[in-house]
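What follows is calculated from the coordinates using simple rules that are stated; it is not laboratory data. Nothing here was measured: the structure is a model prediction, and the numbers come from that model. Here the Cβ is made from the backbone with ideal geometry for all residues, glycine too, and neighbour counts use every protein chain on show.
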Amino acid sequence: MTSISAFAAGTYRFDRQASNLTSMKGQLDDLSRQLATGRTAETYGGLGAGRATSLSARAGISAQDGYLAAITSADTRVKLTTASLTQIKTLNDSARSNLNGLLTSRVQALPATSVQLADNNLSAAIDALNQQAGDVYVFSGRATDTRPVVSRETILNGDPIQGLDGLKDLIAEQKAADRGPDGNGRLTQALSGADITLTEDANAAARANFGFSLTGATGSAGGSITAALTAGTPATATPTFAENPTDGMRVRVAVNLPDGSQATYDLTARTNPAVGATDAFAIGADAAETAANLQTLLKELPGAGALASAQSASPPGLSVGFEGGSPASLALSVTGTPKAGDALTVTLALHDGTTTTIKLTARGSADAASATTFAIGATPEDTAANLNQTLQNALKTAANTDLAASSTTRASTNFFEGSPAAGLAPRRVAEDGNGYASAASAKTVIWYQGDDGTDPRGTATVQVGTSRTVAIGAQANEAAIRKTLAGLAAVAAENFTDATGTADTARFNATAERVSAALTPDADRAGLEGLVTDFGLASSGMANAKSIATATKTTLENSLDGIDTVSTQEVAAKLVNLQTQLQASYKVTSMLSEMSLVNYIS
C-alpha cells in the first residue's frame, strides 16, 4: 500500500530554495577551485565537449616541445662542426699562402720553416676533427663513440708496436718504385756509337703506375742531333676476381686519366645496383661475368681511362692482368758537329698529370757532372757519349726533384684514401716493385677510425617537424678534408735538406707547387667551402624549423585558453557576483522561512 506523505504549506517553496542554495554553493566551490588552480577542470571529463580539442592540442604541444629540444641539441653540434671546418679551411689557406710566398721569393733558408708550419697545421687539423659535442665525436659518422683520427705521430711515423707503416714509409716506398733500380725514372738508356736510345719500362704494370713516360722530344736547331719518338701502345688491363663477390663487398680501382693523372674509385658489388649508379657494379652469375660488369662500369666513370691497379680483401680477391702493349722509345742521333748553344729537349710525363722538360745544351766544354750542358766532341761518337752522360745526369736530377715531389704527393693522397672498410687500405707497392699489390695491406696505419658511410650527411639526422628532417652528419674522411690533410702531411713528412744540411730548394719547389695546387679551392662546391655551406644550410633549416615549431606551439597553447585554462580576472568577477547572490538568497530564505517566535506561537 502506498502512503502519502503529509503536505505542509510552504514545503515545495523551501525545497526549491534549498536546491538553489546547494547549486549556488557548488558553483561557488568550483569557481574558488578555478581561481586557485587556473584550470577549468581537474579531469578531461570535466571539460565536456572541449576535451577532444584539449587532448589534440596537448599532443601537438608535446610534439613541438620534442622538435625544439632536438633542434637545440643539434644546433650545438652543427655549430661545432662548422667551427671545425672553418678552422681547417683557415689552416689550408695559411699553408697555401706560405708555400706560394716561398715559391715567389725563392728564399733558400725557409723550406724548414714551411715543414714546421705544415706540421703544426696538421696537428691543429687533427684536433679540429677530433672535436666532441658532449660525448659525440662529430666527425665519426655513425660511430659517435669512436675518436675519428689517429695521432699526428702515428700518421707520419706509423705504429712500430703494432707493426704498422705510416706516411713516411709509404713515401719512401713510392719514391723507390718511381725512380726504379737505376734512379732515372724507370727508363732504360743505351748508347751505341752516335745513337742514344731511351725506352720506357718493359713491364706494363710498372708503366701504368710508376716512373717517367716519354711524350715528346725536339732535336737541335742546326739538325746535327735528331730526335725521333716512337709512341707506345697501351696494354690491355683486365680485372679478375678470385671468387665471385657477395652483395656489399667493396673494391678499390685506379685508372689512368687522359691528362696523365690517376683517379681512385671505391666500388661496391651489388645484386641489383641502382640504374645509372657510378659507385656500384652488378654481381653476375660467376666471377667472370662480375668482372665483365666491373669493366663496363669503368668505361662509364668520369674521365674514363685505362685500368692501372686494383685491390680488395680476400674474398673476393680482385686483381688486374696486363697483356700486350709496348713501351714508348726515343732515338737520339748525333749526325754532325753541333754548334755551341744548340739544344735539344725531352718532355717527360709523370703519373700526377704534370710534365717536366729536360733541356740539354751543347758547349765547347762542360762538366761531366752537369745535368744541363754537354761538351761538343771531336767526332759524332764523342759528342754522343758526352750527351749520353748529361742525359743520364738530367734524368736522375729530374727523378730526384719533380718525380720525387710527385711520389710524395701521390703517396700522401694514397695514404689518406685509406679506409677502415675491408679491402680499402692504402695501396702498397707489389713485392716485385712492378705495380701495386692486389691484396689490401694489413700493415699500414688506417688514419680514419670512424664510420665509413657513403653518405656522410645522412649518418646523423634531426627530426625538426612532422615530416621534415635535417641531415647533420660528418666524416673526417670526406674528400675535401682528405685533400687538405694530404697536402699538409706531404710537406710535414719531408726533410728538404741534403746530407750537408743544405736546403734542397729544387725538390721543395717541386713539392710546394703540387701541394699548393692541391690546397687551392675547387671552382665548384666540392671543397671545404662546400662543406661549410652544407652545415650553414643545415643551421638555417633548423632555425626556420625552430621558428615554425615555436609559432605552432604558441597557437596550440592559445587554443587551450577557455578550454583548459580560465581567466583569473573573469573567475574572480564571477565569484564576487555569485557570493553576492548567495548572500541575498540566504537572506531571502531566512525571511521566507517565517521562523520568528511570534509566528510560531500564533
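Observations on the model:
- Once the Cα-Cα distance is subtracted from the 0.36 nm per residue extended length, the Glu381 to Ala69 segment shows a gain of 103.8 nm.
- Positive-pole candidate from Val445, Asn414, Asn393, dipole of the stretch 387-466, charges at beta carbon: Asn393
- Label-to-label distance, nm, for residues given as Ser105 and Asp127 (7 Å Cα→Cβ offset): 2.5 nm
- Efficiency of FRET from Cβ geometry, Ala479 and Thr555, R₀ 30 Å, rounded to 0.05: 0.10
- At R0 = 51 Å, FRET efficiency that the Cβ-Cβ distance of Ala190 and Glu529 yields, to 0.05: 0.50
- Rounded if a/c under 1.5, otherwise prolate or oblate - the stretch 288-423, Cα gyration tensor axes: prolate
- The Ala277 and Ala59 beta-carbon pair, evaluated with R₀ = 41 Å, returns a calculated FRET efficiency of approximately 0.45.
- Stretch gain in nm, segment Ala221-Thr357, where the contour uses 0.36 nm per residue and the Cα spacing is subtracted: 47.3 nm
- Taking label positions 7 Å along the Cα-Cβ direction at both Thr469 and Asp522, the computed distance is 2.5 nm, reported to one decimal.
- Segment Thr233-Asp135, length gained on full extension (0.36 nm per residue, minus Cα span): 29.6 nm
- Set of aspartates and glutamates with alpha-carbon distance to Lys443 below 17 Å, sequence-local pairs under 8 removed: Glu153, Asp159, Asp165, Asp169, Glu173, Glu417, Glu431
- Environment charge at Ala437 (Cβ cut-off 12 Å; Lys +1, Arg +1, Asp -1, Glu -1): +1
- Given Lys396/Lys483; Lys89/Lys168; Lys89/Lys396; Lys175/Lys359, the pairs whose alpha carbons are separated by over 26 Å: Lys396/Lys483; Lys89/Lys396
- Unit charges on C-beta of K, R, D, E only; dipole of the stretch 464-514, Debye: 380 debye
- Surrounding net charge for Ala287, when Lys and Arg each add one and Asp and Glu each subtract one, Cβ distance under 15 Å: -4
- Segments 135-142, 552-559, 114-121 sorted - mean Cβ within 10 Å per residue, highest first: 135-142, 114-121, 552-559
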